[in-house]
2 protein chains.
Amino acid sequence: MRTTESFEITEEYLDNLRYAIANKNEVIANELIDDLHPADIAEIYEDLDINEAKYLFLLLSNEKAGYVLSELDDNDRDRFLAVLSNEEIATRFLEHMDTDDAADIVADLPKDRKKDILALISDLEQADDIADLLTYDEDTAGGLMAKELITIYNKLTAKECIAEIKRQSEEVDEIYYIYVVDANERLVGTLPLKRLLISNDDTPIDEICDKEIISVTTDVESEEVASIMEKYNLVALPVVDADGRLTGRITIDDVVDVIREDAESDYQKASGLTNDALPSDSVWRLTGARLPWLLIGMAGGIMGARVIGLFEEELQQFASLAFFIPIVGAMGGNAGVQSSAIVVQALASNSLGKIGILASLAKEFMVGSLNAVVISGVLFTYNLFFSPNFALTLTVSSALLIVILVASIMGTLIPMVLDKLDIDPALATGPFITTTNDILGLFVYFTLGHMFFTHF
Amino acid sequence: MRTTESFEITEEYLDNLRYAIANKNEVIANELIDDLHPADIAEIYEDLDINEAKYLFLLLSNEKAGYVLSELDDNDRDRFLAVLSNEEIATRFLEHMDTDDAADIVADLPKDRKKDILALISDLEQADDIADLLTYDEDTAGGLMAKELITIYNKLTAKECIAEIKRQSEEVDEIYYIYVVDANERLVGTLPLKRLLISNDDTPIDEICDKEIISVTTDVESEEVASIMEKYNLVALPVVDADGRLTGRITIDDVVDVIREDAESDYQKASGLTNDALPSDSVWRLTGARLPWLLIGMAGGIMGARVIGLFEEELQQFASLAFFIPIVGAMGGNAGVQSSAIVVQALASNSLGKIGILASLAKEFMVGSLNAVVISGVLFTYNLFFSPNFALTLTVSSALLIVILVASIMGTLIPMVLDKLDIDPALATGPFITTTNDILGLFVYFTLGHMFFTHF
């Protein structure tokens, strides 16, 4: 029994495993990995070179090998599939995997391999199911669903239902619900296993199944699927076609990935990354994810330089005006990012409620004002003691007061407006808001500087 | 049958509901909410005022009311519990709720109400369970678990087991696994319902249950719980005490919240928020979440001003040096945030792999160099045409080259070092990295400016 949470890969374990592989000692290699969960074996694979990994992979039972394959991260999997033959992929892995995992793997393969590999799968039903799943966009319910499910005709009794489950259950590992359909294959109910278990033998299924079904059609976006399963606390969600016929089911483990990726994607956008980037990605991919926003930031910087250029004369007279250029930009950026992050997250998790744009802005006006008064007050006090120039003290503090307040309000308003326009509000955060506030802040700062320095 | 994904609250629906409540028309009000899922009712509550909500709440069946209560967001729930009597909370809600949800609600109540309310629960076992759950830290497995589970003695047969499930199952809504214990209440196996269903009546449970149990002890942190359930694709995870005795189970729906909150928390830190903030929070809480980082940013800004102050002479001679102050700070900040976000996310999702610090830095050196060369090359070309001053052109481009490269490497290094020191790496991103890079960038920029302007 394993009471600890997860298996730890030790250096000693790895050395033993490598030694067994180097000596082609199948018995010891098998012993070392036999008891492990596929997810643990996938972790070990990251530490092996590609030939060691391949040797180990071909020792596993077909079913286990398929699980390990689906647990590998994208980079490792690509690297690994590249050294396997089409036949090995088809007969050793795809045939024994859940259809959704198998479809994910085929989808990532080069086009010319896809067809060949599908043709090599000898279980025709499995091949058909995979080919069917490949027709759906991967970011929809169709792309998330698996074909493995237990379907029961609604005219059966509990006893007949259990017999039918015994017949069908070989291909389905985890059953949470039985799906009840009518003569036209239309989904008419769901039945928790527990209820079936505690029913009398001759109870008609139709009487004990839940008729209030929550289901989605194949074209529903995966983010929507995630939010439905999260809202209603579902572990499995049936997927139907346009006519209400049952076509698949989505399980919570696949949706957990969607939820994590969603939340991460907002963070990435806020950090100025154009796509999902991993430290293990290639240099080119990593650069491609980062350069676009850097270029936009640079364009913003050039505009900032032009704004300052308008005030060259003032700068020649009062060089100290330059001292506080960074603080004005930075504080506008920080305040804007903060307020937009709050709105973006609330929009993402549907927790904005019905507050409405006007009420949100009114509140943000108060929060922004409070922050602005504190920051510019503290800086005013500091400058009273340490700055030689009262005009500069006035300029900086009044500029900060305006910039922080305006940046906070813009940070709240822009994501809300983008959301109404069906543009991803997360795009408004990060480099975009920082750059805009930079330019705006500079303009306010120098205009005020011009005023105060000529009057004091 | 509801084939669409979720219930939509229309204005018309709300008007009807408000009208029924205003006229105290129980029949119509009941009709309007009767078929709805508790999660949908919780959403409707956000649109009602507190007295309307209370009226509706007391119409619901006890069990349904408990579900709705657990689906409300924290602010709405607090507002709502404040207008209910201790007795109403105890007998109408807590008694009929899952123990984990009930414990969450009691945990948030003011101290003096907690004891009174627990004493008012007439189901003593339920009161005991809730009180027991309250002893665990809410960020641990103990704080996440519920007491509702089906426990079967390992010496029973499949048939006896089903009879026992019928007896126990009233208090457990969703059963995914049966937990098998020995005579000392120690967890010795798990049994998927499906396997029980397809077994023969006289099969001993001990023979068909899984002995490879993945479980956690009550003190395991909730983030660790989430990563175990995610890694092994579990819908339920048993929790044991230090002696291996079964004490509860954690279900995936509670863990989904942990996963979302984790991912969001990194985003919040990167955005300079000190705590989880919602648009519906009070002005004070929102200000408190934001002011600390703004003050740190301000302190950084003052240091920046001091750095520029060191070069006042150069600025008096060459005012145009000020033009590019913002771009140097901004680009350093952007590049640093990008590289640190990649590392922080990889650390959070355990996808950093075994790459190692040195290899990561070597790669980051290449990515950073590429970005730096492109950005400073583009800006150099721009300035060749539009800037009147070659020394300035040289200064800006060479400063950017250094700043982007250094910021990228620091952005990779700092989170990794913090992680090794067991400090949350997400703290390194956002305002901290932006501010540091600002100061560093200014120093590089002006030092180079001093060099180039005196030599060209």
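Just tell me how shielded A:362-374 is by partners: mean number of partner chain Cβ atoms within 10 Å of each residue's Cβ, no decimals. Mind showing how you got there, number by number?
Details: counts 0, 6, 3, 1, 4, 12, 3, 2, 7, 6, 1, 0, 5.
Counting other chains' Cβ atoms within 10 Å and averaging over A:362-374 gives 4.
Total Å² of accessible surface buried at the A-B contact, 1.4 Å probe, nearest 100? Please list the in-between numbers first.
On the way: alone 25370 and 25380 Å², together 38770 Å².
Answer for the A-B pair: about 12000 Å² buried.
Any chance you could run the full-extension gain for A:Arg285 through A:Glu138? It's 0.36 nm times the residue separation minus the Cα-Cα distance, nm to one decimal. Each step should come with its number before you reach the end.
Numbers: separation 147, 0.36 × 147 = 52.92 nm, distance 2.11 nm.
Taking A:Arg285 through A:Glu138 to full extension adds about 50.8 nm, to one decimal.
Antiparallel DSSP bridges in the protein assembly as shown: what percent, to the nearest 5?
On the way: 30 of 40 bridges.
That works out to approximately 75 percent antiparallel.
Would you kindly state how much longer the chain becomes between B:Asn51 and B:Glu261 on full extension, computed as 0.36 nm times their sequence separation minus their alpha carbon distance, in nm to one decimal? Display every interim value, and only then the final one.
Working: separation 210, 0.36 × 210 = 75.60 nm, distance 3.12 nm.
Gain in length upon complete extension: 72.5 nm.
With a 1.4 Å probe and all protein chains kept in place, how much accessible area does B:Lys166 have, in Å² rounded to the nearest 10?
90 Å²
How much of the accessible area of chain B, probe 1.4 Å, is carbon plus sulfur, in whole percent?
Numbers: 10440 of 19400 Å².
Accessible surface attributable to carbon and sulfur in chain B totals 54 percent.
Over all residues in B:307-317, what is the mean tally of Cβ atoms on other chains that come within 10 Å of each residue's Cβ?
4
At a Förster radius of 56 Å, what calculated FRET efficiency corresponds to the Cβ-Cβ distance of B:Thr203 and B:Ala119, to the nearest 0.05?
Values: r = 46 Å, r/R0 = 0.82.
Calculated transfer efficiency: 0.75.
Could you tell me the calculated FRET efficiency between A:Ala163 and A:Lys211, based on Cβ-Cβ distance and R0 = 30 angstrom, to the nearest 0.05?
On the way: r = 23 Å, r/R0 = 0.78.
Here the calculated transfer efficiency is 0.80.
Note down the nm distance, to one decimal, between modelled labels 7 Å out along Cα→Cβ at B:Lys111 and at B:Gln316.
Using points 7 Å along Cα→Cβ, the separation is 6.2 nm.
Longer than 32 Å from Cα to Cα, which of A:Lys54/A:Lys147; A:Lys363/B:Lys111; A:Lys231/B:Lys166; A:Lys420/B:Lys231; B:Lys114/B:Lys231 are they? Say none if no pair is. Working shown, then result.
Details: A:Lys54/A:Lys147 29 Å; A:Lys363/B:Lys111 30 Å; A:Lys231/B:Lys166 29 Å; A:Lys420/B:Lys231 37 Å; B:Lys114/B:Lys231 37 Å.
Over 32 Å Cα-Cα: A:Lys420/B:Lys231; B:Lys114/B:Lys231.
Please get the size of the charge dipole for the stretch A:190-274, origin at its Cα centre, with Cβ charges of +1 on Lys and Arg and -1 on Asp and Glu, quoted in debye to the nearest 20. Don't jump to the answer; show the numbers that get you there.
Details: 8 positive and 20 negative charges, 39 e Å.
It comes to approximately 180 debye.
For A:Lys114, A:Lys24, write out the residues from largest to smallest accessible area, computed with a 1.4 angstrom probe and no ligands counted.
Numbers: A:Lys114 60, A:Lys24 145 Å².
Solvent-accessible surface, decreasing: A:Lys24, A:Lys114.
Arrange the peptides B:36-43, A:106-113 so that the one whose residues have, on average, the most other Cβ atoms within 10 Å appears first.
Numbers: B:36-43: 20.2, A:106-113: 12.9.
Result, highest mean first: B:36-43, A:106-113.
Could you give the distance between the Cα centres of the stretch A:385-446 and the stretch A:297-326, to the whole Å?
Cα centroid of the stretch A:385-446 versus Cα centroid of the stretch A:297-326: 16 Å apart.
Charges at C-beta only: +1 for Lys and Arg, -1 for Asp and Glu. How large is the resulting dipole of the protein assembly as shown about its Cα centre, in Debye rounded to 20? Mind dumping the intermediate values first?
Numbers: 64 positive and 156 negative charges, 869 e Å.
Around 4180 debye, computed over the protein assembly as shown.
Quick one: length gained pulling A:Arg186 to A:Glu8 fully straight, 0.36 nm per residue minus the C-alpha distance?
Numbers: separation 178, 0.36 × 178 = 64.08 nm, distance 4.69 nm.
So the chain would gain 59.4 nm between A:Arg186 and A:Glu8.
Give the percent of DSSP beta bridges with both residues in chain A that are antiparallel, rounded to the nearest 5. Numbers along the way, then the final one.
Numbers: 15 of 20 bridges.
Percent antiparallel among DSSP bridges in chain A is about 75.
What spacing in nm lies between the two simple spin-label points modelled at B:Lys420 and A:Glu223, each 7 Å away from Cα in the Cβ direction?
Going by the 7 Å Cα→Cβ label model, 3.8 nm.
At a 10 angstrom cut-off on C-beta neighbours, averaged per residue, how do the peptides B:325-337, B:287-299 rank from highest to lowest?
Details: B:325-337: 29.5, B:287-299: 19.5.
Peptide ranking by packing, descending: B:325-337, B:287-299.
Output the residues of the stretch A:218-235 meeting this criterion: accessible area (heavy atoms, 1.4 Å probe) in the chain alone minus accessible area with all protein chains in place is 10 Å² or greater.
A:Val220, A:Glu224, A:Ile228, A:Glu230, A:Lys231, A:Tyr232, A:Asn233, A:Val235
Taking the label point as lying 7 angstrom from Cα along the Cα-to-Cβ axis, what are the distances from B:Pro292 to the corresponding position in the remaining copies, in ascending order and in nanometres?
3.4
Averaged per residue, what accessible area in Å² does the stretch B:351-456 show with a 1.4 Å probe, protein chains only?
On the way: 4690 Å² over 106 residues.
Value returned for the stretch B:351-456: 44 Å² of accessible area per residue.
Residue by residue through B:37-50, how many Cβ atoms from other chains fall within 10 Å of the Cβ on average?
Details: counts 5, 2, 6, 2, 0, 1, 4, 0, 0, 4, 2, 0, 0, 0.
Average per residue, whole number: 2.
Shortest first and in nm to one decimal, what separations exist between A:His455 and its copies in the other chains, measuring from label points 7 Å along the Cα-to-beta-carbon line?
In ascending order, 4.6 nm.
Report, in debye and to the nearest 20, how large the dipole of the stretch A:263-350 comes out about its Cα centre when Lys and Arg carry +1 and Asp and Glu carry -1 on their Cβ.
Numbers: 4 positive and 7 negative charges, 32 e Å.
Around 160 debye, computed over the stretch A:263-350.
Taking the label point as lying 7 angstrom from Cα along the Cα-to-Cβ axis, what are the distances from A:Ala82 to the corresponding position in the remaining copies, in ascending order and in nanometres?
Once sorted, the set of distances for A:Ala82 reads 6.1 nm.
Calculated FRET efficiency, B:Met366 and A:Asp74, Cβ-Cβ r, R0 22 Å, to nearest 0.05? Intermediate results must be reported in sequence, preceding the final value.
Working: r = 21 Å, r/R0 = 0.95.
That gives a FRET efficiency of 0.55.
The values are calculated or read from the model by the stated rules, or taken from the named source; none is laboratory data. Note that the coordinates shown come from a computational prediction; the quantities given were computed from them, not determined experimentally. Using ideal geometry, Cβ is built from the backbone for each residue, glycine included, and neighbour counts are taken over all protein chains shown. Just the protein is used for accessible areas: all its heavy atoms, side chains included, with ligands, DNA and RNA removed. Shrake-Rupley method; radii C 1.70, N 1.55, O 1.52, S 1.80 Å.
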